[in-house]
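So the structure is just underneath, and the comments pick up after that.
Nothing in this text is a laboratory measurement; each read-out follows from the coordinates by a stated rule. Computed from a prediction, not measured in an experiment: that's the story for all the values here.
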Amino acid sequence: MKVLVVWSSVTGNTEKIARAAARGCPGARVCSVDKAPDPAGFGPVFLAFWCDKGEIDANSLAYLGRIRDAAKAKGTPIDVAFFGTMGGEPESERARQWLQRKVAEQAGAGELIRPIGAQLWQGRIDPRVVERMKRVMPMPPERLARIEAAASHPDAQDERQAAQWAAGILQAYAEERESVPQGEV
């Protein structure tokens, strides 16, 4: 099994979580989306993205296009574990629903991507973005408190959780592949 961990990051949050997740996948190839290889030779692919104004960031979306192209050329879906960072509260119901919706959109786009997991971690918001937000929207104390709470993430606990999450996804993936009769994977 050749595991690929790919990330897109601006502030370093997502790279930090991706590298932590890779520690849960011994022998994984780890790289940024701009240096990522053709995903066809890998399985599974762990894709780390960041939430950009309510969407998966553009670089990650472009790499998902490469994954779809590779799957189409192979004639079989490529297994993808989706994970990312956001300034909001990743354990909130709103964040969980957002993640489910975004993964479903990607999986449903031609059925060339088979999701094998999805998870979010909190990350600090780029200070330039915070300054722009302050200029264009009200900043009640609750919003400021959320921004301040996000500033300490990802932390060591987040990194441990990412490694454990990835190891669990990889173990379940391996067990699933072992249970499938030869020639059907």
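Output the Cα-based Rg and Dmax of region 1-82 in Å, rounding Rg to one decimal and Dmax to a whole number.
12.0, 36
Considering only DSSP beta bridges with both partners in region 1-140, what is the antiparallel share in %, to the nearest 5?
Restricted to region 1-140, the bridges split so that about 10 percent are antiparallel.
Give me the Å³ per residue figure for the convex hull around the C-alpha atoms of region 42-134.
About 91 Å³ per residue, rounded to a whole number.
Between region 61-96 and region 112-128, how many Å separate their Cα centres?
Rounded to whole Å, the Cα centres lie 9 Å apart.
When only alpha-carbon atoms are used, what values of Rg and Dmax, in angstrom, describe region 92-142?
Rg then Dmax for region 92-142, in Å: 15.8, 44.
Report D for the chain in µm² per second (integer): Stokes-Einstein, Kirkwood Rh on Cα pairs, 37 °C, 0.692 mPa s.
This corresponds to a translational diffusion coefficient of 194 µm²/s.
Which percent, nearest 5, of DSSP beta bridges in region 1-67 are antiparallel?
The answer is about 20 percent antiparallel.
Please give every one of the lysines within straight-line cross-link reach of Lys53, meaning a C-alpha to C-alpha distance under 29 Å, and leave out same-chain neighbours fewer than 8 residues apart.
Filter leaves Lys16, Lys35, Lys102, Lys134.
Could you pull out every residue, at least 5 positions away or on a different chain, whose amide H is within less than 5 Å of the one on Ile116? Hs are placed 1.01 Å off N in the peptide plane, and Pro or chain starts have none.
So Ile116 has HN proximity to Val80, Ala81, Phe82.
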